[in-house]
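Note sheet for the following structure.
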Amino acid sequence: MDKAFTTTFAPSPTLRKAAARAALVGFNEPNNSLLGECFRQFGIEPVAVQSDPAERLLKEKFEACVLPLATGSEAESVMEAARSSRSNSRCVIYGVGGSAQHAMRFSKYGINAMFHEPLERPAMLKLVRATRLLVLHEFRRYVRIPVMTEVSIIGDNRRATATSIEMSSGGMSVKSVEDFAPGMNVEVSFALMTLPRVNVRGVVSWNKPKSLGVRFDSNDERRFKLKTWIDSYLEN
């Protein structure tokens, strides 16, 4: 599981009243039960969706959607329906299975986070806990948007391909096998759903194994395109 999503979790002995709903699309009963238990811990009501998922995502309001990304699944049609729906265009999408590279096939739909297989309760709880504020619309406390898209990083006479983990108007964290030292000047390039490709100057603010953070240059006016997109995302 990406380190950006690993946070300490202490189970609550009582269930909270559901304030949001998560569509669980096309899972068998054991996985439905496991996913449902994890979301209920944080006051999110799980709803098993087995038939006509695309149709339901077009017409019915959900704050989150969880679906397998396996080849042959209905993932693309369901995500297309969700993002085309006025009520679900900004729902939090969780993919299940596959790698970050696999998820890049669906990057235009803005997958927010990934459950890795085999599903394991502790890792699942950490992921839901890390993203729950976005699902519950507690935006004032959630200044970073978890979203997965391909990112190009140019710096030190190199061009590297990375995968975004989280974004804010001030910077982003990415997953990359390339090593960029803290303090290095870089330029990042990416696109997000309705946001056309943006190029922004920045500096590497931290570096960990296979991940790093980039702080955007406050003098680069191009970053305001991302700020406008984030504000729209949170207000929708």
(request) Take every DSSP beta bridge with both residues inside the chain and express the antiparallel ones as a percent of the total, to the nearest 5. (result) 65
(request) Please give the peptides 114-127, 74-87 ranked by average Cβ packing (other Cβ atoms within 10 Å per residue), highest first, as a rough proxy for protection. (result) 74-87, 114-127
(request) Would you compute, from DSSP H runs of 4+ residues alone, the mean residue ellipticity of the chain at 222 nm, taking -39500 (n - 2.57) per run and dividing by the full residue count, rounded to the nearest 500? (result) -7500 deg cm²/dmol
(request) Can you tell me how much longer the chain between Asp52 and Ser89 gets when fully stretched, taken as 0.36 nm per residue apart minus their C-alpha distance, in nm with one decimal? (result) 11.5 nm
(message) With P(r) over Cα pairs in 10 Å bins from 0, in percent as the read-out, I listed (i) 7, 30, 35, 19, 7, 1, 0; (ii) 8, 33, 36, 19, 5, 0; (iii) 7, 32, 39, 19, 2; which label goes with the value calculated from this structure?
(response) (ii)
(request) Just report the Cα centroid separation between region 179-214 and region 93-132, whole Å. (result) 21
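Every number in this text was worked out from the coordinates using simple rules, so none of it is lab data. Values in this document were obtained by computation on a predicted structure and should not be read as measured data. For neighbour counting, all protein chains shown are included, and Cβ atoms are generated from backbone atoms with ideal geometry for every residue, glycine included.
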